1. Give the residue that is farthest from the chain's Cα centre (by Cα), with candidates limited to residues of region 248-283 that are open to solvent by 10 Å² or more (accessible area, probe 1.4 Å) and among the acidic types (Asp, Glu).
2. Can you tell me which residue in region 417-450 is modelled with the lowest pLDDT, limited to those that are surrounded by fewer than 18 Cβ atoms within 10 Å (Cβ to Cβ) and farther than 25 Å from GLU356 by Cα?
3. Checking GLY485 against (1) open to solvent by 10 Å² or more (accessible area, probe 1.4 Å); (2) of a type in the set (Gly, Ala, Ser); (3) in contact with an Asp or Glu (Cβ under 8 Å, 6 or more places away or on another chain): exactly one of these is not met. Which one?
4. Anything in region 434-454 that is in contact (Cβ under 8 Å) with a residue 60 or more places away in the chain and not in a loop (DSSP other than H, G, I, E, B)? List them, or say none.
5. Residues to consider are SER527, SER483, SER533; find the one that is closer than 30 Å to VAL331 by Cβ and among the hydroxyl-bearing types (Ser, Thr, Tyr).
6. Determine if region 334-355 includes at least one residue that is part of a helix (DSSP H, G or I), of a type in the set (A, V, I, L, M, F, W, C) and surrounded by fewer than 23 Cβ atoms within 10 Å (Cβ to Cβ).
7. Within the set of pairs 6+ apart or on separate chains, which have a first residue in region 245-259 that is under 9 Å from THR224 (Cα atoms), a second that is open to solvent by less than 10 Å² (accessible area, probe 1.4 Å) and of a type in the set (Phe, Trp, Tyr), and C-beta atoms under 9 Å apart?
8. Evaluate region 526-536: report whether one residue or more is assigned to a loop (DSSP other than H, G, I, E, B), modelled with pLDDT of 90 or more and surrounded by fewer than 15 Cβ atoms within 10 Å (Cβ to Cβ).
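The values are calculated or read from the model by the stated rules, or taken from the named source; none is laboratory data. As the structure is a prediction and not an experimental result, all values here were calculated from the model. With ideal geometry, Cβ positions are generated from the backbone for all residues, glycine too; neighbour counts draw on all protein chains shown. The area values use the complete protein model at the heavy-atom level, side chains included, leaving out ligands, DNA and RNA. Shrake-Rupley method; radii C 1.70, N 1.55, O 1.52, S 1.80 Å.
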Amino acid sequence: MTDPAPDITLQSIAGPQPVTRPLQGQGPIVLGRAAECDICLVNERVSRRHAALVRKGESWFIIDLGSTHGSYVNGLRVPRDTPAELSAGDLMRVGPWTFRVSGARAPGATTITTISDDPSVAQRIERATGAHSVSDKRLKLLSDCVTRLNSTADEDQLARLALDSALQGSGYARGAILRRGGDRRDAPAETDVTLVVQLRRDPGEVGELKLSRSLIQAACRGETAVLMQNAEGIASFSIAELDIHSALCAPVPIGEDVVGFIYLDARGSESTVRADAAGFCEAVARAYGLALANLKRTELERRQVKLAAELAAAREVQSTMMPPKEADLGVIRYGVEVRPGLFVAGDLFDVIALTEGRIAVCLGDVAGHGVGSALLMAMTQSHLHAELRRTSDPAAAVCGVNRYLCERVGGGWFVSLWVGVFGPGGQLVCVDAGHGHVMISRGRAAPVPLVSGEGIPLGIDAMQSYTPCSQSLAAGDRVVIYSDGVIEQRGAGGELFGKERLMASMSSASGAGEQTRAVFAALAAFSGTLTLSDDATIAVVDYIGD
């Protein structure tokens, strides 16, 4: 199945070196200072394997891998091994790097042009210093501004309030709130900005607001910058053409990061800018940054609560569909262990008693995560159960479930599945629909792959046919079925658990249930966590005979 186009791009807006990375595939994309990481960030504040980015469904998530200095989204530290969803406009910090999540443009935001205006002898860009004071009148205005900002829960309204206060208290005639990091690939990374809101004192004024690129570049360093024009001369061509006699750019900070700017200018015969304008606007920018950080933090917490609720509901669905972990049933003895991952991808397992002493064993993996995947798992398992009871033929049952899913499930959802019917006399008839993770050991021999035929996952092509394969079993033969979440779990160094470790972990135990528990003990020791990146299921089925 072809991966969808990348939803988002990571673009650094601060850090020792620029980094831009479109997020493609399913991940994980590992960030860290180790050379083998997908995004290598060499700095002492970055752990060897710091964080991972994974796609589940249509969303991307960041997962902190137990880093020393933490991973942050919108100023909020992400708990270890807990996925945090990323959205356009988010700020993600790893060590000294701050990335803006871009690609899908944030609602209400548009790109804006910056003009090249290299300083000339007639133009000065100065750093605002503590010498700029704020008068008592502006202090009252600033106090009112802070009160209104802290009572506003809408990000666009927040920007409008901050900009209106800056214009009132500074004397400038027009201005804009800018978000750092836009969608233009032709702009320098440090001055690529997106317009959030713009205001003018003269409501009749029209035309695009033009911005001084050098002023924004100066403010990127975290200090309010002021552009002034000498009375004797003219500024650079672009500024002179617009008749701008002064402009100001105050950085908007969230924690250690400059996330945007308050940009103001005055032109022609417009009133002289107040002497304390720089100090006032800097104070407004800081108050705006604090209020914006609170909104971002609240939004991230809301996403986390929503995700946790979805996962809890999905796990509840998953647990109610599971048979007992260990049992003797007719000609088989089985043990199964299912551990939900970070996202509850939707592993399914079932054991079904059929006619004439036959026992069906099913193990599948549903694409996606959350409640949607859990419901698809429940749909698949219940319909498969009914089909097997009706026909006892695994190939006919799988074909029936495939048609059922294709008729009801939209594109992008599919289910890999293995079904085996164990019968008296040692006959095993099995069908593999894109699953592939099955081994058999005969007597005391080492496990080898079990040939179960080939077929694509369910839910893709309603006309797909599935051919059964037959095996003859003797008492003591063992079939092991597992999901890819077992062998694809990664350790601290980034390597996969793999089939060899799986077989080695099983060799330390004898009984079916003991072996499943031994596998998960080995997984926990290997990964260093009890929280797996994906659902992991392993079933051990012993043929015990008539």
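1. Filtering region 248-283 for residues that are open to solvent by 10 Å² or more (accessible area, probe 1.4 Å) and among the acidic types (Asp, Glu), the one farthest from the chain's Cα centre (by Cα) comes out as GLU270.
2. Only one residue tops the list, namely ARG444.
3. (1)
4. MET439
5. Of the residues listed, the single one that is closer than 30 Å to VAL331 by Cβ and among the hydroxyl-bearing types (Ser, Thr, Tyr) is SER483.
6. Among the residues of region 334-355, not one is part of a helix (DSSP H, G or I), of a type in the set (A, V, I, L, M, F, W, C) and surrounded by fewer than 23 Cβ atoms within 10 Å (Cβ to Cβ), which makes the answer no.
7. Qualifying pairs under 9 Å: LEU248/TYR172; LEU248/TYR263; CYS249/PHE261; CYS249/TYR263; ALA250/PHE261; ALA250/TYR263; PRO251/PHE261.
8. no
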